[in-house]
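**Q** Okay, handing you the structure first.
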Amino acid sequence: MNTATPPFAPDFGRTAAAMITPFTAAGELDPEGAQRLATHLVDGGCDGLVLSGTTGESPTTTDAEKETLLRAVVEAVGDRARITAGIGTSDTRHTLALAHSAERAGAHGLLVVTPYYSRPTQEAVAHHLRTVADATGLPVMLYDIPGRTGTALTADTLLRLAAHPRILAVKDCAYDPLKSAKVLAGTGLAYYSGCDEQILPLRALGATGCVSTAANVAPGAVRAVLDAYDAGDTAQAARRQLGLVPLIEAMTGGEAPGTVTAKALLNHLGLPAGPVRGPLLDAGPQLTSRLADALRTTRGRSADAGTAPAGTAVPAAVPG
C-alpha cells in the first residue's frame with residue numbers, strides 16, 4: 001500500500017460526486033429520479049454525494065426543493081454513502097437557515113462556499129464560516145472557488161479556520177497548489193479536489209479524495225485514479241488520470257458549465273437528469289455528441305489501463 005495514507009475523513013467519503021439535481025421534463029424537482037441516480041452513483045463507486053452545489057443548480061432551486069432532495073437521497077443511499085448538503089449563499093442568515101434545514105433532513109455534513117458577489121474581507125469571511133460551523137453539530141467542508149465567488153480563502157484564513165472543531169475539510173477549486181500545500185502541511189484539514197484534472201496531483205500532496213463533476217457519468221473511472229494511487233501503483237494512477245482527460249475537457253473545458261454537460265450525458269445514457277434551469281441552456285445535439293464521444297474514449301482508455309470501472313458504459317451511437 002502507498003505509505004502516504006490520506007487523512008481519515010469519514011464524514012465526507014473519498015470519491016464523492018458533485019451530483020446534479022434531476023428535474024422532470026417540465027422542470028420540476030424529481031425526487032424519485034434523484035434516488036435512482038444516487039443509487040446508480042453509489043453502486044458505480046462513489047462513497048459520497050454532494051447535493052445542491054454548483055453542479056446541483058443551487059442558485060435556482062428553492063429551499064424547500066433542497067430539503068426534499070436531501071431527504072430523498074438520504075433515504076435511498078444514506079446508509080451506504082456520506083451525504084453532504086451544499087448550503088452556502090451570499091447571506092449569512094439564509095445560510096444558517098439552510099444549515100438547520102440540512103441537519104433536520106439527515107445530512108451527514110455541510111458544504112459551505114465563501115459568500116459571493118459582495119466580496120467580504122478575509123475577517124468577514126472567517127466570521128461567516130465560523131458562524132455557520134457553530135450553528136449545527138455537523139462537520140463542515142469549506143468550498144474555495146474564487147473563480148465563481150470573487151473571494152479566495154487565503155492560506156492564513158484556512159490555517160485559522162482549521163482550529164474550529166467542526167471545520168474538517170476543504171473542497172479545493174482555487175488552482176493554487178502552493179496554498180494547498182501550505183494548508184495541508186500546517187493543518188489536519190482533509191482536502192478534496194473540486195476540479196477533476198487535479199484529483200491525482202492533490203492526492204499526491206496528501207489530499208483525501210475528490211468532489212467530482214465527472215463522477216456523475218463515470219464514477220468508477222474517477223474512483224480508479226484514487227484506488228491505484230492508494231494501492232501504491234503511481235504509474236497506473238497517472239494512466240487512469242490521463243485517461244479521464246478527454247472527458248474532463250469536454251465536460252468542464254469551457255464550452256458549457258459542468259451542470260449542462262453532466263445533464264446532457266446523463267439524459268443521453270437514459271439516467272435521471274432532465275433539463276437545466278435558466279439562465280443555463282441545455283446542450284444541443286452537437287455538444288451532446290462530442291460529450292458522448294469523450295465518454296466513449298474514457299471508457300476505452302480505462303480498459304487499456306487494465307480496468308473496466310463501473311459507471312462508464314456508453315451507448316454505441318448517439319441519437320441524431
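Values quoted throughout were computed directly from the atomic coordinates according to the rules given, and no laboratory measurement underlies them. Because the structure is predicted, anything quoted here is derived from the model rather than measured. All Cβ positions, glycine included, derive from the backbone under ideal geometry; neighbour counts span all protein chains shown.
**Q** How far, in nm, would the chain grow between Y117 and R148 when pulled straight, counting 0.36 nm per residue and subtracting the alpha carbon separation?
**A** Length gained between Y117 and R148: 10.3 nm.
**Q** Would you mind telling me the antiparallel percentage of the DSSP bridges in the chain, rounded to 5?
**A** DSSP beta bridges in the chain are roughly 5 percent antiparallel.
**Q** Rounded to two decimals, what is Rg over Rh for region 1-108 when you use alpha-carbon atoms and the Kirkwood radius? Write out the running numbers ahead of the final one.
**A** Numbers: Rg = 14.2 Å, Rh = 14.2 Å.
When Rh is taken as the Kirkwood radius, the ratio is 1.00.
**Q** Would you pull out the residues with amide H under 5 Å of Y116's amide H, same chain only if 5 or more places away, H placed 1.01 Å from N?
**A** Amide H neighbours of Y116: S90.
**Q** Still on this model: Could the peptides 32-44, 275-287 be put in order, highest first, of the mean number of other beta-carbon atoms found within 10 Å of their residues?
**A** 32-44, 275-287
**Q** Straight-line reach from K66: which lysines fall under 21 Å, measuring Cα to Cα and dropping same-chain residues less than 8 apart?
**A** Correct list for K66: K171, K263.
**Q** Here's a follow-up. Given points 7 Å out from each Cα along the Cα-Cβ axis, report the R36 to E255 separation in nanometres with one decimal.
**A** Output for this residue pair reads 2.7 nm.
**Q** Kindly state, as a whole number, the per residue volume in cubic angstrom of the convex hull around the alpha carbon atoms of the chain.
**A** Working: hull volume 36.5 nm³, N = 320.
Convex hull of Cα atoms, per residue: 114 Å³.
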